[in-house]
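J.: I'd like to ask some things about the structure below.
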Amino acid sequence: MEQEHDGDKPALPAGQVGSDKQPDLSVVGNLWKEDEEDRDSTSLNANSVEYLSANEILAKIKRNPINKNGTAANEITATKQVSTSLPMCGVELIKKFEGCYLKAYPDPLTGGKPITIGWGSTRKRDGSPWYLGESISQQEADELLIYQLETSYLPDLMKIPCWSELNPNQQGALLSFGYNLGSKFYGASNFESMTRVIKNRDWANIRETFLKYRNPGSNVEQGLRRRREAEAELFLKPYS
């Protein structure tokens with residue numbers, strides 16, 4: 001029997017979110033334990049800070065891109081630019097359902113590592129971990145989100161066979177879905193329904209398929225239902 005679920009971490013203090021560690025989806029029964037991308041969609045703390053829009057973040061990075069060590073690109077050579085192929089409507093949706101915390105905090109499941117910061121980031125641009133006591137600015141958190149989406153999430157999503165045939169709204173919906181559940185969901189054993197619907201371009205059933213991944217019976221089901229509904233709505237929204 002297909003195992004479909006959408007795990008979420010226990011609620012954090014206001015403004016905190018979970019981490020972004022990629023799960024090992026090859027171990028079907030351990031997705032809940034390993035998927036540290038699962039976010040509590042009720043943790044949004046939109047009033048705590050002033051957020052930049054996704055397009056504003058991208059514009060700032062393009063004007064003065066930052067390399068993985070946090071140095072402005074005009075101070076070094078050959079830094080990586082953010083790709084415009086990132087579906088920015090998906091970034092906006094992610095920010096709507098995520099909380100942001102500017103001081104590093106321990107993982108809510110382990111009480112320790114991985115230490116997390118910003119929009120659920122567990123690693124700096126250079127791949128090194130965060131430590132308790134470290135902090136970042138809102139702009140740094142926003143830019144780190146874009147950087148990680150572009151370098152760690154989008155490449156996996158672009159491996160979906162029909163990815164290039166999807167419009168930006170459809171790509172954005174799947175970006176949010178992947179950020180919440182893991183970017184390697186396509187083809188995974190416990191995502192058979194979503195994989196099948198995408199593979200067959202069966203958009204008539206995409207809404208009900210999104211809603212399967214809401215962790216039924218849990219204390220976070222309602223929050224996840226809202227997120228899945230928003231993703232389905234974006235996926236089905238005509239693009240022009």
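The values are calculated or read from the model by the stated rules, or taken from the named source; none is laboratory data. None of the values given here were measured: they were computed from a predicted structure. Neighbour counts are summed over all protein chains in view; Cβ atoms, including those assigned to glycine, are modelled from backbone coordinates with ideal geometry.
J.: Given G187, G178, which one is in contact (Cβ under 8 Å) with a residue 12 or more places away in the chain, out of contact with any Lys or Arg (no Cβ under 7 Å at 6 or more places or on another chain) and either surrounded by 16 or more Cβ atoms within 10 Å (Cβ to Cβ) or on the phi > 0 side of the Ramachandran plot (or both)?
T.: One residue alone meets the criteria, G178.
J.: Condition (residue is touching a His at 6+ places or on another chain (Cβ under 7 Å), farther than 16 Å from S85 by Cα and surrounded by fewer than 19 Cβ atoms within 10 Å (Cβ to Cβ)) applied to segment 218-240: is it met by at least one residue?
T.: no
J.: Return the residue satisfying two criteria in turn: it lies in segment 99-124 and is buried (at least 16 other Cβ atoms within 10 Å of the Cβ) and small (G, A, S), and of such residues it is modelled with the highest pLDDT.
T.: Checked segment 99-124; the qualifying residue modelled with the highest pLDDT is A104.
J.: While we're on this one: Tell me, which residue of segment 194-217 that is buried (at least 18 other Cβ atoms within 10 Å of the Cβ) and of a type outside the set (V, I, T) is farthest from G90 (Cα to Cα)?
T.: Applying the filter and picking the extreme gives N215.
J.: Which residues, taken from segment 90-140, are within 25 Å of E229 (Cα to Cα) and of a type in the set (K, R)?
T.: Listed by number, the residues that qualify are K95, K96.
J.: Oh, and also: Touching a residue at least 12 places away in the same chain (Cβ under 8 Å) and in contact with an Asp or Glu (Cβ under 8 Å, 6 or more places away or on another chain): does that describe S152?
T.: Considered against the rule, which asks whether it is touching a residue at least 12 places away in the same chain (Cβ under 8 Å) and in contact with an Asp or Glu (Cβ under 8 Å, 6 or more places away or on another chain), S152 comes out as yes.
J.: Same structure, new question: Among the residues that make up segment 192-215, is at least one of them closer than 18 Å to L157 by Cβ, small (G, A, S) and out of contact with any Asp or Glu (no Cβ under 8 Å at 6 or more places or on another chain)?
T.: Checked against the condition, which is being closer than 18 Å to L157 by Cβ, small (G, A, S) and out of contact with any Asp or Glu (no Cβ under 8 Å at 6 or more places or on another chain), segment 192-215 yields no hits at all.
J.: Would you mind listing the helices (runs of 4 or more DSSP H) fully within segment 134-232 where at least 2 residues are under 21 Å from K124 (Cα atoms) and among the aliphatic types (A, V, I, L, M)?
T.: 138-148, 168-181
Matching residues to (1) without any contact (Cβ under 8 Å) to a residue 40 or more places away in the chain; (2) over 12 Å from the mean Cα position of the chain (by Cα):
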{"site": "G112", "(1), (2)": "yes, yes"}
{"site": "I117", "(1), (2)": "yes, yes"}
{"site": "G120", "(1), (2)": "no, no"}
{"site": "D126", "(1), (2)": "no, yes"}
{"site": "E134", "(1), (2)": "yes, yes"}
{"site": "I146", "(1), (2)": "no, no"}
{"site": "N167", "(1), (2)": "no, yes"}
